[in-house]
Each structure stands twice: as structure tokens, then as C-alpha cells.
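Participant: Here it is, the structure in full.
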Protein chains: 2
Amino acid sequence: MENVYIPHLSVDCVLFGFDEKQLKVLVVKRDRVPGENPDLHSGLFKLPGRLIYEDEFLEDAASKLIKELTSSDDIHMQQFQVFGNPNRIQSPNDLLWLQTQTRLPIRRVVTIAFYALIKIEEDLTDMLERHNARWINLPEVKGLAFDHDEILQEAYAHLKKELTTSPLEFNLLPEYFTLNSLQSLYEVILDQHFDNRNFRKKILKMSYLVETDKTEQKVTHRPAKLYRFDADKYAQNQREMSLFFL
Amino acid sequence: MENVYIPHLSVDCVLFGFDEKQLKVLVVKRDRVPGENPDLHSGLFKLPGRLIYEDEFLEDAASKLIKELTSSDDIHMQQFQVFGNPNRIQSPNDLLWLQTQTRLPIRRVVTIAFYALIKIEEDLTDMLERHNARWINLPEVKGLAFDHDEILQEAYAHLKKELTTSPLEFNLLPEYFTLNSLQSLYEVILDQHFDNRNFRKKILKMSYLVETDKTEQKVTHRPAKLYRFDADKYAQNQREMSLFFL
DNA sequence: CAACTTAACGTACAAATAACGTTTAGTGTT
DNA sequence: AACACTAAACGTTATTTGTACGTTAAGTTG
């Protein structure tokens with residue numbers, strides 16, 4: 001009874017990345033299968049995902065997918081919505097691919113969607129190539145297989161909402177970053193402009209954002225200080241906050 | 001192929017109600033089945049829920065459950081989390097009940113949890129009795145079957161968070177209500193005290209909260225004005241807000 | 001060392017919040 | 001009808017936070 005798929009259940013992952021100016025999404029190529037209608041050109045990319053095994057934790061399935069693509073364990077990841085319409089697999093090509101891939105007589109799949117925040121790094125490129133995966137700018141992603149366009153939009157809506165509640169930003173930025181990168185991230189994700197001086201004042205009030213003695217490199221003007229996220233101070237803060245509710 | 005259960009998938013609903021002073025949850029009795037261990041006294045109540053049918057929308061399954069219990073169609077309801085641990089059915093009694101109930105060799109069930117906001121009304125009492133259902137004050141609910149205690153806690157956490165974002169309050173209050181009821185609702189759900197005068201000022205700024213010419217009845221002192229929620233004005237507001245993001 | 005560019009700091013005003021006090025309109029009692 | 005009682009409804013002020021700008025400082029390049 002090992003590694004048997006539950007034919008009705010899958011996980012799909014929306015992996016977000018940020019590269020200073022753009023919010024990006026990781027999509028993987030969906031191979032053509034024999035018998036497909038070759039005239040349908042949409043659906044050639046999809047979100048990373050698969051059916052889950054009979055004894056598998058949902059979170060584990062998602063984690064494993066993410067680890068395969070990024071070789072990283074420590075990723076911010078969260079289940080955000082279930083997509084379960086009986087008719088969510090519209091395209092015959094998609095259904096055929098799924099059946100070929102799994103060798104199961106699949107009709108309906110309910111998928112649990114996760115989103116994850118990834119620090120885009122150069123040394124990922126090889127690994128991604130091997131999985132036929134690539135980063136695409138969020139606004140340019142369309143025509144994904146299944147209902148993955150919709151899943152992506154919901155994931156983005158969720159990210160937007162969450163970012164205003166908790167400091168997710170540090171999961172998308174490198175360890176050391178400038179305040180301007182941080183601002184840019186907020187502007188891109190929330191699709192909103194911020195006054196640089198006010199943004200700076202506001203964000204610096206956060207105790208978990210700490211200055212370092214490093215500075216920006218290879219710029220043709222005054223280099224900015226680099227900051228980092230202090231997870232301990234954040235946890236400390238959270239603990240202090242929750243005391244109010246005792 | 002009609003009304004065939006998917007043995008791995010269910011919905012569970014957390015129905016919240018409010019009765020002026022307390023946040024309440026609707027639980028239903030889980031009947032004893034032959035072969036049970038009668039010494040186990042926990043798990044005799046559960047959240048409303050059931051397996052879903054092969055061609056059924058998740059939302060429909062949840063809606064139907066809610067309609068059966070409240071005979072109301074127009075209920076604020078939202079999927080909020082999936083509970084899918086392979087070992088989430090811990091109690092042998094629970095598993096046995098599930099198998100007896102469904103006549104299926106069930107091992108693992110992934111459940112999609114919904115929460116819904118109900119206006120508690122007197123004329124519901126009969127209907128609830130027929131379904132062995134009853135309202136319990138949130139803090140007193142414990143020892144539910146399956147992992148329903150956990151589901152309930154997550155639902156409550158979710159409600160708390162959502163209430164600070166959108167005006168869910170009107171789904172829990174009767175059509176006409178006093179500002180004090182409204183305040184009490186906020187205080188109970190958010191577990192936080194508010195200054196009556198400041199609360200009043202803040203909430204009255206909301207255009208969707210409108211005064212009526214009705215007043216509180218049967219009180220032994222100056223009766224308060226009754227207010228109501230103006231859904232149109234709220235929708236209008238939402239539309240205006242979203243124009244900023246164009 | 002001057003010109004340039006962006007980082008980093010500062011100020012003034014408006015709006016929102018928090019912590020209070022006061023008046024008013026009902027009910028029930030003498 | 002005058003009174004006390006109770007909670008509703010309204011008001012005031014100091015403080016904090018947010019917004020919209022102007023100014024100075026520190027590095028790079030030629």
C-alpha cells in the first residue's frame with residue numbers, strides 16, 4: 001500500500017518570487033501526451049502540483065514539490081483555498097494528460113492550493129531547467145492548464161491581503177536588502193505607490209527590521225545601507241502582543 | 001451514478017450565532033452505533049458535516065447542510081481551511097460511526113471546513129431539535145468528535161481576523177439592532193473592550209450603517225435607536241474603493 | 001574638486017485615536 | 001407633576017499617527 005494516489009485529491013502550489021522590480025510566478029511545462037489535440041496552444045504550462053498519496057500529509061506533498069524545485073526546506077508556505085468544482089477540468093487535453101500521467105481513470109479532482117514565497121537565486125537556474133520550470137512575471141502569466149489561471153489570481157489576492165497583516169516580505173527578499181528594495185516589493189505586490197520618506201519612517205519603526213554595517217555594492221552613486229530581518233525580535237514581539245489577550 | 005460519496009472528501013461547517021452576550025456554535029449529536037466503546041464520553045457531539053457526492057460542488061454540500069438546519073438560503077458562508085492529516089480520525093468510535101453511517105470502508109477523510117454566520121431566531125428551535133442540534137456558547141464547546149475541536153478553534157481565529165477586515169457583524173445580528181448590541185458583538189468576538197463613546201463615533205462613520213425610526217422595546221429606561229445595515233450603500237462603497245486600484 | 005545622484009533626515013499640517021466629561025430622553029416611583 | 005434613576009447620545013481635549021512636502025549628506029564619476 002505504498003505511494004498509492006488518491007484519485008480525487010491533489011495539491012497545487014503557487015510559488016511567488018521577487019526580483020527587485022517584478023513579482024514572478026514559477027510555472028512548469030506540461031508535456032504533450034499522445035492523443036492530444038495539438039491545435040490547443042493554451043495549457044502548455046501549469047502550476048507545480050500532483051495527486052497526493054493515501055497516507056501523505058497535504059503539507060508534506062506541497063513541501064516536497066517545493067523542495068524538488070528549489071532544494072530548500074525552509075520556505076514560507078500556506079494552504080489558502082480549495083478548488084473543487086466538479087467541472088474544473090475543462091480542457092480534454094488536460095484530462096488526458098492527467099490520466100496518462102497517473103494511469104488512473106480520473107474524472108474529478110479536488111485540489112488544495114498552497115502559495116509559497118521563494119527567494120529567487122541564481123543557483124536555482126539549473127535545477128529549474130531540469131524540471132522544465134521557469135519564472136514568469138505575474139502579469140504575463142495566462143493560458144495555464146486546468147483552472148490554474150484562477151488559482152493564481154486567488155493566490156495573488158491572498159498574498160496581497162496577507163502582506164498587509166504580517167511581514168511576509170522577508171521571505172521574498174535576500175538576507176540583506178536595501179529599504180528601497182523593500183519599498184519596491186510593497187509597491188509591486190500591493191500595486192500602490194508609497195512616498196519614499198514616509199515609507200522609510202514607518203517601516204523603520206518595526207523592531208524586527210535591523211540595520212547592518214553592510215552597504216549596497218556596485219552602484220554608481222551613494223550606496224544604501226543593507227538591512228536584515230530579525231526573526232527573534234519578531235517572535236519576541238508577537239509574544240508580547242499576545243499577552244494583551246490573556 | 002447518483003449520490004455516490006467520494007470516500008475521501010467531506011465538508012464540515014462551523015455555524016456561529018450571536019445572542020446579545022455570547023458567541024455560540026451549532027453542534028449536532030453524533031448517535032451511538034453498535035460496537036462502540038461506551039466508556040468514551042467525548043465525541044458525542046460534532047460539527048455538522050458529511051461526505052460529498054461525486055458530482056457535487058463543495059459549496060453546495062455546505063449550503064445544503066446549512067439550509068437543513070436553518071431553512072435559510074441567504075447565509076454568509078466561507079471555506080476557510082482544509083484538515084487533511086492522514087491520522088486526523090483518532091478515536092475508534094469516530095471511525096466506526098463514519099463507516100456505519102456511510103457503509104463505506106473509510107480510512108482517511110480530507111475535510112474542507114466552512115464557517116457560516118447565522119442570525120439566531122426563536123423559530124429555529126423546532127428544526128434544530130429535529131436534527132439533534134443545539135447552540136452552545138463557544139467557550140463551553142469541547143470534546144467534539146474527530147478533530148472538530150481544532151476545526152472550531154481555527155474557524156474562530158478566522159472569524160476574528162475577518163471581522164477586522166469586513167463588516168461581517170450584520171450577518172449575526174437581527175435586521176434591526178442597537179449600537180450597543182453591535183459593540184457587544186465586537187467585544188465578544190474580538191475579546192476586547194471598547195470605549196462606548198469612541199466605538200459609537202467610529203462605527204457611525206460607516207455609511208452602510210443607517211439609523212431607523214424604530215426604537216428598542218421593553219426596556220426599563222430610555223430606549224435606544226435601532227439601526228440597520230444598508231447592503232446597497234456597502235456595495236456602492238466597495239465599488240468606489242476599488243476604483244483607486246485602476 | 002566640482003557635478004551628479006540617490007540616500008537619509010526633517011518639518012508642518014491634517015486626520016485618526018484614546019481617554020475622558022456632560023447632557024438628554026426615556027422609565028418608574030412618590 | 002416632580003423626582004430619582006438609568007442608559008442613550010453628544011462633546012472636549014491631548015496624543016498619536018499619517019500625509020505631503022523640503023533639505024542635507026554621502027557616496028560615485030569625470
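Each value in this text was obtained by applying a stated rule to the coordinates, not by laboratory testing. None of the values given here were measured: they were computed from a predicted structure. Using ideal geometry, Cβ is built from the backbone for each residue, glycine included, and neighbour counts are taken over all protein chains shown.
Participant: Under a point-charge model restricted to the Cβ atoms of Lys and Arg (+1) and Asp and Glu (-1), what is the dipole moment magnitude of the range A:99-246 relative to its Cα centre, in debye to the nearest 20? Walk me through the numbers before you get to the answer.
Facilitator: Values: 21 positive and 22 negative charges, 55 e Å.
I would put it at about 260 debye.
Participant: Something else now. Over all directions, how big on average is the projection of the convex hull of the alpha-carbon atoms in the range A:1-114, in square nanometres?
Facilitator: Details: hull surface 33.7 nm².
Answer in nm², one decimal: 8.4.
Participant: At a threshold of 8 angstrom on Cα-Cα distance, excluding pairs fewer than six apart, so keeping six or more, what relative contact order does chain A reach in percent?
Facilitator: Values: 364 pairs, mean separation 57.4, N = 246.
Relative contact order comes out at 23 percent.
Participant: Which residue, B:N132, B:L159, B:L144, has the largest displacement toward the positive end of the dipole of the range B:125-166 when charges sit on each Cβ (Lys, Arg +1; Asp, Glu -1)?
Facilitator: Value: B:L159.
Participant: Taking Rh as the Kirkwood radius computed over C-alpha pairs, what is the Stokes-Einstein D of the range A:175-243 at 25 °C in a medium of viscosity 0.890 mPa s, expressed in µm² per second?
Facilitator: Details: Rh = 13.4 Å.
Diffusion coefficient, whole number: 183 µm²/s.
Participant: How far apart are the B:P167 label points across copies, placing each 7 Å from Cα toward Cβ, in nm, shortest first?
Facilitator: With the label placed 7 Å along Cα→Cβ, B:P167 yields 3.4 nm.
Participant: A further question on this structure: So what are the three principal axis dimensions of the protein assembly as shown from its Cα atoms, in whole Å, longest to shortest?
Facilitator: 76, 58, 46
Participant: So what's Rg/Rh here for the range B:107-246, counting alpha carbon atoms and using the Kirkwood radius for Rh? Write down the numbers at each step before the final one.
Facilitator: Values: Rg = 18.2 Å, Rh = 17.9 Å.
Answer for the range B:107-246: 1.02.
Participant: While we're looking at this one, here's another question. Can you tell me which of A:N132, A:N180, A:N37 moves the most in a GNM of chain A? Springs connect C-alpha atoms under 10 Å apart.
Facilitator: A:N37
Participant: Taking a cut-off of 22 Å between Cα atoms, list the lysines near A:K29, but don't count ones fewer than 8 places away on the same chain.
Facilitator: Partners within reach: A:K46, A:K64, A:K67, A:K119, A:K142.
Participant: Compute the angle between helix B:231-243 and the longest alpha-carbon principal axis of chain B, please, reported from 0 to 90 degrees and rounded to the nearest 10.
Facilitator: 90 degrees
Participant: May I pose another question? If you put a point 7 Å past Cα along the Cβ direction, how far is that point for A:R200 from the same point in each other copy, in nm, smallest first?
Facilitator: Label point to label point, same position, other copies: 4.5 nm.
Participant: Related question: How far, in nm to one decimal, is B:R103 from itself in the other copies if the label point is set 7 angstrom along Cα toward Cβ? Shortest first, please.
Facilitator: 3.4
Participant: Ok, one more. Note down the Stokes-Einstein diffusion coefficient of chain B in µm²/s, whole number, using a Kirkwood radius over alpha carbon pairs, 10 °C, and 1.306 mPa s. Mind dumping the intermediate values first?
Facilitator: Values: Rh = 19.9 Å.
Rounded, D is 80 µm²/s.
Participant: Neighbouring Cβ atoms within 10 Å as the yardstick, rank B:T178, B:T220 fewest first.
Facilitator: Lowest count first: B:T220, B:T178.
Participant: At 222 nm, what helix-only mean residue ellipticity would the protein assembly as shown give, in deg cm²/dmol to the nearest 500, using -39500 (n - 2.57) for each DSSP H run of four or more?
Facilitator: Using -39500 (n - 2.57) per qualifying helix, the result is -10000 deg cm²/dmol.
Participant: Could you size up the charge dipole of the protein assembly as shown around its Cα centre, putting +1 on the beta carbon of Lys and Arg and -1 on that of Asp and Glu, and report it in debye to the nearest 20?
Facilitator: On the way: 62 positive and 76 negative charges, 245 e Å.
With Lys and Arg at +1 and Asp and Glu at -1, about 1180 debye.
Participant: Taking chain A as a Gaussian network, where each spring joins two C-alpha atoms under 10 Å apart, which residue of A:L168, A:L138, A:L51 fluctuates the most?
Facilitator: Per the Cα network of chain A with a 10 Å cutoff, A:L168 tops the list.
Participant: Turning to a different aspect of this structure: Using the count of nearby Cβ atoms within 10 Å as a rough guide to exposure, how do B:L204, A:L15 rank from fewest to most?
Facilitator: Numbers: B:L204 13, A:L15 26.
The most exposed by this proxy come first: B:L204, A:L15.
Participant: Considering chain B as a Gaussian network with a 10 Å cut-off on Cα pairs, which listed residue, B:D230, B:D55, B:D195, attains the greatest mean-square fluctuation?
Facilitator: Per the Cα network of chain B with a 10 Å cutoff, B:D195 tops the list.
Participant: Let me know the charge dipole size of the range A:175-243 about its Cα centre in debye, to the nearest 20, where only the beta-carbon of Lys, Arg (+1) and Asp, Glu (-1) is charged. It would help to have the intermediate numbers written out before the result.
Facilitator: Details: 12 positive and 10 negative charges, 52 e Å.
Charge dipole, the range A:175-243, about its Cα centre: 260 debye, nearest 20.
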